[in-house]
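Heads up, the thing below is written out as structure tokens.
None of the figures in this text is laboratory data; all of them are computed from the coordinates on show. Values in this document were obtained by computation on a predicted structure and should not be read as measured data. Positions of Cβ are backbone-derived with ideal geometry, glycine not excepted, and every protein chain shown enters the neighbour counts.
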Amino acid sequence: TVLALFSMPSITRGVRKVIAEQEASRAHDCQAGSSNWADNWSDEQKQWCCDHHGKACPADETGCGTLCNYLGKTATCRYRIKWGAEHRFAHRANACVAAYRMVQEQCDSCHKCKLADAGCEPG
């Protein structure tokens, strides 16, 4: 029964995604050298750490790079929307819309961020 469980396409995709995230996390240590990330990190590492941890994000005109502190955790609006879509609303057809609305309610600083600029792609 365990083998049958892992042969299901949705579980297989989920397992592959977790493994890929773990590998990328090891490749992009968002703690090492973070005090001088602007000079020391590659563009790829900056983008990865911004997208996955809300760290090293460049300021942007869309507002999605704006920092929001909610319940003692600081992250960009973009990161919060992606996280909500991939975790809290992962099994909904409209995961990005639901996550966007949640972040808009939680963070006044995210009102300039438009859903189309957040880079949210559930899946």
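Across the stretch 95-109, computed HN-Hα scalar couplings (Karplus, 6.51 cos²θ - 1.76 cosθ + 1.60, θ = phi - 60°) run 4, 5, 5, 4, 5, 4, 4, 4, 5, 4, 6, 7, 10, 4, 5 Hz from first to last residue, x flagging Gly and Pro. Rounded, prolate or oblate: which fits the stretch 36-123 when a ≥ b ≥ c are the square roots of the eigenvalues of the alpha-carbon gyration tensor, with rounded for a/c under 1.5 and prolate only if a/b beats b/c? Since a/c reaches 1.5 and a/b is larger than b/c, the shape of the stretch 36-123 is classed as prolate. Highest mean packing first, where packing is the average number of other Cβ atoms within 10 Å per residue, the peptides 36-45, 68-77 line up as 68-77, 36-45.
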